1. Can you give me the solvent accessible area of B:Ser3 with a 1.4 Å probe, rounded to the nearest 10 Å²?
2. Taking K and R as +1 and D and E as -1, what net charge do the other residues with C-beta under 15 Å from the C-beta of B:Leu55 add up to?
3. Within segment B:1-148, what whole-number % of the accessible surface is contributed by carbon and sulfur, with the 1.4 Å probe and all protein chains included in the calculation?
4. Pick out which of B:Phe227, B:Phe196, B:Phe152 has the largest mean-square fluctuation in a Gaussian network model of chain B, springs linking Cα atoms closer than 10 Å.
5. Could you order A:Lys154, B:Lys124, B:Lys285, A:Lys136 so the one with the most accessible surface comes first? Probe is 1.4 Å.
6. Kindly report, to the nearest 10 Å², the accessible surface of B:Leu27 as traced by a 1.4 Å probe over protein heavy atoms only.
7. Okay, helix-only estimate at 222 nm for the protein assembly as shown: each DSSP H run of n ≥ 4 adds -39500 (n - 2.57), divide by all residues, round to 500 deg cm²/dmol; what do you get?
8. Could you list, in their original order, any pairs among A:Lys136/B:Lys148; B:Lys106/B:Lys285; A:Lys103/A:Lys150 whose Cα atoms are separated by more than 18 Å?
Amino acid sequence: MQELNANPSIAPTEDDDSCHVVRVPAHNGNHRDPFTAAEVFDHIRRVRDPEHETLTLEQLRVTTMENVTVDEDGDMPTVTVRYTPTIPHCSMATLIGLCLSVKLLRSLPSRFKQTVMITEGTHSSEHEINRQLADKERVAAALENPHLLKVVNKCISATSHDDLTYAHDNLRTTTS
Amino acid sequence: MPSSAVPVGRLAHEDRVWHVTWSRDGLLLATCSERCVRIWQQQQQGGAWVEACQLEEVHDRTVRCVSWSPCGRFLAAVSFDATCTVWRTIDFDLVATLEGHENEVKACAWNANATLIATCGRDKTVWLWEVEDFELLTVLHGHSADVKALAFEPETDALASASYDATIKIWEDDGDDWACRGTLEGHTSTVWDCRFLDSNRLASCGADRRVLVWHNNDGAWTVVSRFDDLHARPIYSIDATSAGLVATAGGDNALAFLDAETRLLLFRVPRAHDGDLNCVRFHPKDPTLLATASDDATVLVWRLVS
């Protein structure tokens, strides 16, 4: 059952300088620009692959900006991130989803409802993994496992911009 | 039947609150959040709720569910640390630690005369314990995935268990042994909670955002009402009064009220909390009061208005 992809293809990434996010100092007042997919993607693009620790999910094309959806129009702001395992039997697929979930939980304002799921048709256990990732109780329990938490923290370290303040992210509390 | 709900009490926590339970007389509330159980009381009739004590340093992982015994003497708490603790409510001393589950315990329930405690969890089993000596009575196997919630029927002691396997199972003691008397299939994903309305009716809710009301006709359980669009996210909790008023709490921050008799939606409270609602429980004596627990680190007490 265990299957790893020893030789994944690697996509070029944009330089950090060219990333699409506008960062400005926090300002007073209630004005808040809408969140963009680019901004959400910027939170997750540097998450590392648990299997290839030197590579980011962006380099592996596991995450792309096109697969991030933000909907702030309705009553309930939502962020949906679809990710694409490098091979359809990837044994790391659940762990990658967990890393993305944790990164989003720590980065997005709490008003957002988030969904992390596998891109349709790209994994043999897609339905099963999506159900696991959507089960907040299982996610909470998994993150109390010190070994698992260590792996997750390792994959999402060096992804944050704690030194910078997002213009409309005043609701954010600690991120790590 | 009520037409709106007004918050009348707020219990502030530091983290996500998973569950809330009323004491038998409705004068106290117990809540669980992270590794801690908190007991709350009202300063005076209609006054603010204040924390009376904390039961901590016993569970070293999340406490997922708390349940007050119908006799009022005990409080049970279950944790991801694989144990269930039982506390004597006169002084909140720990009187028993029930060990046996392989891993996370996710729910607990007492039968009506408080002779039995049921626990369930990730190991797919339901355990029944005798309160008299806190010994294991039996282990119920049948679900194919984690068991999320339990409910006893007050008159017959039938036990319902809700699971990630998308089914509810009904367990009964035939005088000789406990056995599965029915498997209710109607949800398409995790069943998060269920409650008996009476000995022949059960209400359930789940990740499929569906509320089902089931009727038992000589052991054959069939769906008699179905509500599909009450909540925009998973429905985590359901409770009901003896008059057939049903409350549901969802991951869309909303609270909804149904009339099980007329099968009508009464009203919704769209932004009841600033986060997922994890639990809703009616006051045991006053059906116009209820409490909700949320990811926004609060428990709210609501008064229903007609």
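1. Surface open to solvent at B:Ser3 totals about 70 Å².
2. Values: positive: B:Arg35, B:Arg38, B:Arg61, B:Arg64, B:Arg88; negative: B:Glu34, B:Glu51, B:Glu56, B:Glu57, B:Asp60, B:Asp81, B:Asp91, B:Asp93.
Around B:Leu55, the surrounding residues sum to -3.
3. Ligands and nucleic acids excluded, carbon and sulfur reach 42 percent.
4. Of the options given, B:Phe227 has the highest mean-square fluctuation.
5. Details: A:Lys154 120, B:Lys124 95, B:Lys285 140, A:Lys136 25 Å².
Greatest to least solvent exposure: B:Lys285, A:Lys154, B:Lys124, A:Lys136.
6. 110 Å²
7. On the way: 5 runs with 50 residues, N = 482.
Result for the protein assembly as shown: -3000 deg cm²/dmol, rounded to the nearest 500.
8. Working: A:Lys136/B:Lys148 12 Å; B:Lys106/B:Lys285 26 Å; A:Lys103/A:Lys150 13 Å.
Violating the 18 Å limit, Cα to Cα: B:Lys106/B:Lys285.
The values are calculated or read from the model by the stated rules, or taken from the named source; none is laboratory data. Small disclaimer: the values here were computed from a predicted structure and weren't measured. Ideal geometry is used to build each Cβ from the backbone, glycine not excepted, and the neighbour counts take in all protein chains shown. Quick note on the areas: whole protein, heavy atoms, side chains included, nothing else; ligands and nucleic acids left out. Shrake-Rupley method; radii C 1.70, N 1.55, O 1.52, S 1.80 Å.
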